[in-house]
Amino acid sequence: MRTLAVLFLRLASLVLFATDVRATCIDAPVLTGVNLAGAEFNADKLPGVLNKDYVYPSAADLQYFASLGINTVRLPILWERVQPKLDSPLDDAQLASIAATIALAKHLNLCVILDV
């Protein structure tokens, strides 16, 4: 449980302190969203190869849904990629991919629901 807390604290600090903090999710009267699956694909191939076994949403994906008026995206991620071995450090490349997706979504005023 401690490593899950570390993950969320690291991601929050990367996003909150790197961008303008606005309460778009809290202030939105209705959250209208889409599931952007991909980062949790191929759980049998660990750690897997990015853009072959699994993907993170592209900027074009996020921009497309933002243009449709979507204000929330659900981003499922596979924990075993974030922490490849129990009680080992978190994978910096995975954290960077998640943080980049969140930062881009935030830039587009999209709320992100991380689904581990």
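The values are calculated or read from the model by the stated rules, or taken from the named source; none is laboratory data. All values reported here derive from a predicted model rather than from experimental measurement. Every residue, glycine among them, receives a Cβ derived from its backbone with ideal geometry; neighbour counts consider all protein chains shown. The accessibility values were calculated without ligands, DNA or RNA, using every heavy atom of the protein model including side chains. Shrake-Rupley method; radii C 1.70, N 1.55, O 1.52, S 1.80 Å.
The alpha-carbon of LYS85 sits under 21 angstrom from the alpha-carbons of these lysines, leaving out residues fewer than 8 places away in its chain: LYS45.
Close amide H contacts of GLN83 (hydrogens built in the peptide plane, cut-off under 5 Å, sequence separation of 5 or more or a different chain): ASP91. Each of ASP53 and ALA28 was given a label point 7 Å from its Cα along the Cα-to-Cβ line. The distance between the two points is 3.2 nm. Using the Cβ of VAL73 as centre and a radius below 12 Å, the other residues enclosed give a net charge of 0, where K and R count +1 and D and E count -1. How large a share of the accessible area of the range 30-116, in percent, is made up of carbon and sulfur atoms when the probe is 1.4 Å and the other protein chains stay in place? It is 57 percent, rounded to a whole number. Summing Lys and Arg as +1 and Asp and Glu as -1 over all other residues whose Cβ lies under 14 Å from the Cβ of ASP53 gives a net charge of 0.
Think of a 1.4 Å ball rolled over the protein heavy atoms: the range 62-106 then has 47 Å² of accessible area per residue.
A simple count of charges around ASN42, restricted to other residues whose Cβ falls under 15 Å of its Cβ and scoring Lys, Arg +1 and Asp, Glu -1, yields -1.
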